[in-house]
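Asks: Okay, handing you the structure first.
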Amino acid sequence: MEQIFVLAEHRKGELRDITLEVLTLAHRIGREKSLEVVGVLLGQNVQEHARKLKGACHEILVMEDPQLSDYNADAYLEALAALIRQRRPRLCLMGHTAMGMDLAPALATRLQLPFVSDCLSLAFAGDRLAARRQIYGGKIDVQLTLKPSQNYLASIRPGSYDAFDGPQMSARTSAVDPPDWSLSRGRRFVEYIEAVLEDVDIAAADILVSIGRGIGKPENIPLVEAFARRLGATLSCSRPVADEGWLPKSRQVGTSGKTVRPKIYLALGISGAYQHQAGMKNAQTIIAVNTDPRAPIFNVAHYGIVADIFQVLPVLEAKFN
């Protein structure tokens, strides 16, 4: 049976969420095209990661070597290229993360594979891979069909899919030997340097109360912040609020901020430009409050209220409580 490869991404001993998100897409395509889903796990002492992936794959290919203990573009390129040459998967998927953006183009060039990046969705149109992605900073969605090929490579935008929660499987695990490292160019991993978080990670929040230009002035923010706290929510914002310095950039939702997927997204005074929508439109429930009935945010909202946010806040608080 033909296969789909999903590259497992891990960092500092933790399996990253993007891996389970990509597995959701892989299984969707696999069911449609009768393809096995194969997790590719590169690293050193990664048995715990393999255990976590066991219920989400048909097979797990585990390659362990000191060269792979931390992500290294040269080593990952050699290892993954060797596995693809050996197995010839119909499709190879990875996250459009810092790692994926570094690795995927080099891998496509090395193996001469048709490649599409930062995809929102993928499917096969007959025997050709079709992808939906955004251009012009998220203003336009485009549907692309790649040239005919036996093998394809694609990277998936984080937050485009829920983490895999399908029927639990029992993957067979296959240990594979590392390639000849003599072809590596000599880059080596030195250390991880974490970006300094200014306060909170909005991408991890289940409930977000997000404010836009409609907040009026920074003096009004404590009122909304208190509302969010009583709701058990995290405060976030659109770009104008961050640009004004009213909230730190770490709180910004959108293409130039963070992509979020909370259970509830409450947009207060946000017009909803396409850049903002790209960062939050996959929230499970979107509630928008804006004085402009033609605000674009209402195009993606599940519930919309045309009113002044400060008149609505007390009513919302009563309803939520």
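Asks: Given the range 3-183, what whole percent of its Cα pairs are spread farther than 30 Å?
Replies: Cα-Cα pairs of the range 3-183 separated by over 30 Å account for 12 percent.
Asks: With θ set to phi - 60° and the Karplus curve 6.51 cos²θ - 1.76 cosθ + 1.60, what are the ³J(HN,Hα) couplings of the range 227-236 in order, to the nearest whole Hz, using x for Gly and Pro?
Replies: 4, 4, 5, 5, 7, x, 10, 10, 8, 9
Asks: Just want to confirm a number: the relative contact order over the range 249-320, from Cα pairs under 8 angstrom separated by 6+ residues, in percent.
Replies: Relative contact order for the range 249-320 comes out at 27 percent.
Asks: First measure r as the distance between the Cβ atoms of residue 163 and residue 217, then evaluate 1/(1 + (r/R0)^6) with R0 = 45 Å and state the FRET efficiency to the nearest 0.05.
Replies: 0.70
Asks: Note down the relative contact order for the range 279-321 as a percent, whole number, built from C-alpha pairs under 8 angstrom at least six residues apart.
Replies: 37 percent
Asks: Here's another thing I want to ask about it. Could you tell me the relative contact order of the chain? Use alpha-carbon pairs under 8 Å, at least six residues apart, and round to a whole percent.
Replies: RCO, the chain: 15 percent.
Asks: Something else: With Kirkwood radius over Cα pairs in Å in mind, check (1) 21.3; (2) 20.6; (3) 19.9 and report the label derived from this structure.
Replies: (1)
Asks: Taking a 26 Å limit on the Cα-Cα distance, which of the listed pairs 147/258; 139/263; 33/281 fall beyond it?
Replies: Long pairs (Cα-Cα over 26 Å): 147/258; 33/281.
Asks: Label points 7 Å out from Cα along the Cβ direction at residue 302 and residue 177: separation in nm?
Replies: 5.3 nm
Asks: Test of understanding: what is the full-extension gain from residue 312 to residue 256, defined as 0.36 nm times their sequence separation minus their Cα-Cα distance?
Replies: 17.3 nm
Asks: Given the Cα-Cα distance of residue 101 and residue 86 and 0.36 nm per residue of separation, how much length would full extension add, in nm?
Replies: 3.1 nm
Asks: Mind checking the angle between helix 309-320 and the chain's longest principal axis? C-alpha axes, 0 to 90 degrees, to the nearest 10.
Replies: Once rounded, the angle reads 70 degrees.
Asks: Roughly how tilted is helix 73-87, in degrees to the nearest 10 and between 0 and 90, from the longest Cα axis of the chain?
Replies: In the chain, helix 73-87 runs at an angle near 60 degrees to the longest axis.
Asks: With everything on Cα atoms, drop me the angle between helix 98-111 and the longest principal axis of the chain, reported from 0 to 90° to the nearest 10.
Replies: It works out to around 40 degrees.
Any read-out appearing in this document is the output of simple, stated calculations on the displayed coordinates, not a laboratory observation. Computed from a prediction, not measured in an experiment: that's the story for all the values here. A quick note on method: Cβ atoms are made from the backbone with ideal geometry, for glycine too, and the neighbour counts reach across all protein chains shown.
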